[in-house]
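Below: the structure, in structure tokens.
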Amino acid sequence: MSDHARGPRTSMRAKAMAGFTHAALVIAAILFLSPILYIVLNSFKVPEDIFKEPPSILPERWTLQNYITTVASGGFGGYFWNTVVITVVGVVLVVVLSSLAGYGFAKLRFRGSALLFSAIIATLTIPLAILLVPMFIMESRSGILNTQLGLILPNVAVTLPFAILIMHKHFADIPVEIEDSAEMDGAGRFRRWWSIMLPLTKNGMILVTVITTYSIWGEYTLAKTLATSPPAMPLSVGLTLLKSEVWEYGTLAAVITLAILPPIIIFALFQRKIVEGITQGAVKG
């Protein structure tokens with residue numbers, strides 16, 4: 001077969017493969033988004049429309065009553081505020097600590113650093129269920145059980161090793177000549193980390209921020225174990241208490257919609273930076 005004939009056939013095959021890939025991605029997106037879209041639409045329905053047979057996708061009578069009921073309920077505001085505080089403080093701590101540890105393991109050489117780094121990363125293989133009883137006993141004895149601090153610290157401990165792994169890779173990919181040049185100009189260790197290295201790992205910090213936000217915001221196992229009192233519960237646990245004698249599915253749909261809205265907004269804002277952070281950490285610079 002001549003090169004002239006092979007060229008159009010290869011082009012048609014590439015176009016067919018691209019079309020198949022796009023179709024598969026569209027189908028996958030529909031499958032993943034359909035339950036979320038169904039919940040969001042149900043949050044705007046009156047109870048009669050939710051249980052109507054046959055069910056309708058779009059609300060026949062749009063209403064905000066489910067959201068008004070949710071916001072007016074005594075528990076939702078407290079659960080939501082607890083989740084915000086735990087997530088924001090936890091994310092800040094993880095970003096700061098992982099940036100310091102990632103820089104230290106990547107750029108500072110000290111005895112036992114490789115072993116210590118391996119030990120930290122090895123904790124990723126430990127099932128969370130094994131840690132629940134020791135955490136409960138430690139917090140009970142220290143008096144921070146059923147407090148925001150009692151949920152912040154365990155979440156930080158659980159998410160920090162993976163964040164350190166990400167930041168270590170981003171710091172390790174920075175050429176050593178950049179830091180050497182700053183050192184020759186008289187910049188101290190902290191100044192080099194703050195002014196030189198951190199800006200170069202911005203995508204890594206954004207990636208850590210988003211991953212940690214998702215991990216802490218929707219975390220259930222730790223919260224269910226360490227927050228047994230309703231005033232201390234985050235939204236993931238308190239959600240089950242926001243019901244009357246029977247489940248009001250419209251109100252429940254409104255609560256779920258409000259609960260998933262912040263992570264979606266964060267992902268939408270930093271989507272491009274997330275991709276850049278993943279590719280930057282995957283390809284050695």
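The values are calculated or read from the model by the stated rules, or taken from the named source; none is laboratory data. Predicted model only: the values in this text are computed from it and were never measured. Heads up, the Cβs are rebuilt from the backbone with ideal geometry, glycines too, and the neighbour counts pull from every protein chain shown. Each accessible area value is taken on the protein alone, full model and side chains, heavy atoms only, with ligands, DNA and RNA left out. Shrake-Rupley method; radii C 1.70, N 1.55, O 1.52, S 1.80 Å.
Of the residues making up the stretch 181-196, those that are assigned to a helix (DSSP H, G or I) and either open to solvent by 70 Å² or more (accessible area, probe 1.4 Å) or closer than 16 Å to G102 by Cβ (or both) are E183, M184, R189, F190, R191, R192, W193, W194, I196. Applying the criterion of being of a type in the set (S, T, Y) and free of Cβ contacts under 8 Å to residues at least 40 places away in the same chain to the residues of the stretch 71-118, the residue that is least open to solvent (accessible area, probe 1.4 Å) is S113. Scanning the stretch 118-132 for residues that are farther than 19 Å from L207 by Cβ, of a type outside the set (S, T, N, Q) and not in a loop (DSSP other than H, G, I, E, B) yields A119, A122, L128, A129, I130, L131, L132.
Consider the stretch 166-180. How many of its residues are of a type outside the set (D, E), assigned to a helix (DSSP H, G or I) and open to solvent by less than 30 Å² (accessible area, probe 1.4 Å)?
Qualifying residue count, the stretch 166-180: 4.
Looking at A163, A232, A157, A227 in this structure, which one is surrounded by 13 or more Cβ atoms within 10 Å (Cβ to Cβ), within 20 Å of the chain's Cα centre (by Cα), farther than 21 Å from R109 by Cβ and in contact (Cβ under 8 Å) with a residue 40 or more places away in the chain? Testing whether each residue is surrounded by 13 or more Cβ atoms within 10 Å (Cβ to Cβ), within 20 Å of the chain's Cα centre (by Cα), farther than 21 Å from R109 by Cβ and in contact (Cβ under 8 Å) with a residue 40 or more places away in the chain leaves just A163. Taken as a whole, the stretch 136-147 holds no residue that is within 24 Å of G204 (Cβ to Cβ) and surrounded by 13 or more Cβ atoms within 10 Å (Cβ to Cβ).
Only a single item in (1) among the β-branched types (V, I, T); (2) surrounded by 12 or more Cβ atoms within 10 Å (Cβ to Cβ); (3) within 30 Å of T251 (Cα to Cα) is not met by I27, and it is number (2).
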